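Every number in this text was worked out from the coordinates using simple rules, so none of it is lab data. Note that the coordinates shown come from a computational prediction; the quantities given were computed from them, not determined experimentally. Cβ: placed from backbone, ideal geometry, glycine included. Neighbour counts: every protein chain shown.
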Amino acid sequence: MGKISILPAAIALLFFASTARSLVCDITKYGAGGGTSSDITQALVSAWKEACAATEASKVLVPAGTHVLREVVLEGPCKSSIEVQVDGTLQAPADPAQMKTDGWVVFRGVDLLTLSGSGTFDGQGKTAWTKNDCNLKTDCVTLPINIRFDSVTNGMVKDITSLDSKQFHVNVLNCKNLTFQHVTITAPGDSPNTDGIHIGRSTGINIIDTGIKTGDDCISIGDGSEQMTITGVTCGPGHGISVGSLGKYPNEQPVTGLHVKNCTITGTMNGLRIKTWPASPAGTASDMHFEDITLDNVGNPVIIDQQYCPWNQCKSKAPSQIKISNVSFSRIRGTSSTQAAVTLACSSQLPCTEVEISDIDIAYHGPEGPATSVCSNVKPTISGKQNPAICASAAASPTASPVSQ
């Protein structure tokens with residue numbers, strides 16, 4: 001697995017602070033009891049308030065055991081660095097009707113935050129998944145996300161587990177310099193809309209040595225995301241590692257600066273994917289690089305899909321207005337579950353530019369024959385091994401139509 005040996009100075013400060021903490025706020029000192037019927041919501045809020053007000057580095061401790069937790073917002077700014085160490089299992093209300101917002105545990109407006117521990121955030125999503133109707137209508141039911149990070153800066157999330165979220169496991173919005181390391185994310189492969197980590201309008205997000213098994217994108221990158229590193233991630237089941245979807249809403253911000261390296265993707269519906277909606281407002285996605293990726297029975301292993309339209313929601317078939325440029329796929333190897341191993345379906349109005357494909361070795365063993373590539377509105381620079389041959393039939397395939405899911 002790939003390692004990042006040099007972390008930003010602010011992250012290094014968090015490690016230093018963790019060895020020098022002088023205040024520990026154990027939730028059991030604030031009225032939290034034990035057992036599965038124990039609701040720790042108020043105790044956690046009280047412990048957070050005291051820790052956040054401390055002028056020295058502080059820690060909120062959730063000890064081992066199973067604890068019921070209702071929706072909670074842990075909000076800054078705090079006066080010093082703060083750590084929340086979860087060693088127990090936190091259980092969300094199983095019935096989504098008991099939850100009134102789109103976030104179960106929310107960290108908001110905090111600088112120098114660490115979330116750590118051997119514990120689990122159990123979203124108890126099984127009941128909620130049956131209420132997910134996004135495949136039937138566009139104004140579908142909003143279900144709560146397991147953990148939200150809103151406007152968090154210089155943070156570290158390490159060692160925790162997110163289990164069976166009702167919607168996304170983790171949502172990152174308006175954050176800067178936030179690192180996820182040794183995080184485990186788990187939900188069934190058929191759980192709807194359970195993206196592992198979704199990033200939006202954030203800068204300097206690192207995801208390192210993390211395992212994600214879920215029912216939607218392992219990692220999804222929304223608009224306004226810049227300077228992201230994803231390394232040493234194992235993904236699958238799920239829908240792969242995705243940029244987008246982009247272009248569904250007006251006034252979306254550019255996506256730029258993505259590096260995905262040394263990852264393993266297994267049994268997913270898609271592999272490495274960039275997806276934009278047709279008839280989109282104008283936008284850009286650039287400087288995105290995928291390298292040293294191992295694939296095992298992955299559908300659509302390499303795919304740019306600028307005709308993304310799940311569940312036939314599109315009212316117009318006009319070309320996407322998202323301009324994709326400066327993209328590379330290097331040293332991608334393994335096996336595909338679909339014959340089209342490489343699909344580059346770019347916008348007919350704004351063709352992809354500066355696309356580089358090098359050292360691709362993807363095998364397909366189905367009855368249709370060997371692996372193929374499908375290309376439209378793109379002229380990639382090709383080097384190294386080509387299995388399959390890249391864009392060999394592009395001239396004969398001007399209207400490639402990948403399957404969108």
For the chain, which cysteines have no disulfide-compatible partner, meaning no other cysteine Cβ under 4.7 Å? Cys25, Cys175, Cys263
Read-out Kirkwood radius over Cα pairs in Å, candidates (1) 25.8; (2) 23.8; (3) 21.8; calculated match is (3)
Please list, ordered by chain and number, the residues whose modelled amide H lies under 5 Å from the amide H of Thr89; skip anything fewer than 5 residues away on the same chain. Gly65, Thr66, His67, Thr120
May I ask you to evaluate 6.51 cos²θ - 1.76 cosθ + 1.60, the Karplus curve with θ = phi - 60°, for each residue of segment 260-274 and list the ³J(HN,Hα) values in order in whole Hz, giving x for glycine and proline? 10, 8, 6, 10, 10, 10, 10, x, 9, 6, 9, x, 9, 9, 10
All lysines inside 24 Å of Lys79 as judged from Cα atoms, apart from same-chain residues fewer than 8 positions distant: Lys29, Lys49, Lys59, Lys158, Lys176
What residues have an amide H closer than 5 Å to that of Ser162, excluding those fewer than 5 places away on the same chain, when H is modeled at 1.01 Å from N in the peptide plane? Phe121, Thr184, Ile185, Thr186
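To the nearest 20 debye, what charge dipole does the chain have about its Cα centre, counting +1 at the Cβ of each Lys and Arg and -1 at the Cβ of each Asp and Glu? Write down the numbers at each step before the final one.
Values: 29 positive and 35 negative charges, 75 e Å.
Result for the chain is approximately 360 debye, rounded to the nearest 20.
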Classified through the alpha carbon gyration tensor (a ≥ b ≥ c as square roots of its eigenvalues; rounded if a/c is under 1.5, else prolate when a/b is larger than b/c, else oblate), segment 128-273 comes out rounded
Mind checking the angle between helix 9-18 and the chain's longest principal axis? C-alpha axes, 0 to 90 degrees, to the nearest 10. 30 degrees
Amide H neighbours of Gln253 under 5 Å, counting only residues 5+ apart in sequence or on other chains, H built in-plane at 1.01 Å? Gly224
What angle do you read, to the nearest 10 degrees and between 0 and 90, between the alpha-carbon axis of helix 41-53 and the longest principal axis of the chain? 90 degrees
Explain nothing, just the number: dipole magnitude of segment 195-240 about its Cα centre with +1 on each Lys and Arg Cβ and -1 on each Asp and Glu Cβ, in debye rounded to the nearest 20. 80 debye
Karplus couplings for segment 105-118 from phi (6.51 cos²θ - 1.76 cosθ + 1.60, θ = phi - 60°), rounded to Hz, Gly and Pro as x? 10, 10, 9, 9, x, 10, 9, 6, 9, 10, 10, 9, x, 8
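Name the shape class, rounded, prolate or oblate, that the alpha-carbon gyration tensor gives for segment 105-172, where a ≥ b ≥ c are the square roots of its eigenvalues, rounded holds for a/c under 1.5, and otherwise prolate holds if a/b is larger than b/c and oblate otherwise. Write out the running numbers ahead of the final one.
Details: a/c = 3.87, a/b = 1.73, b/c = 2.23.
Here segment 105-172 falls in the oblate category.
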If the cut-off is 28 Å between C-alpha atoms, which lysines fall inside it for Lys379, apart from same-chain ones fewer than 8 positions away? Lys248, Lys261, Lys275, Lys317, Lys323
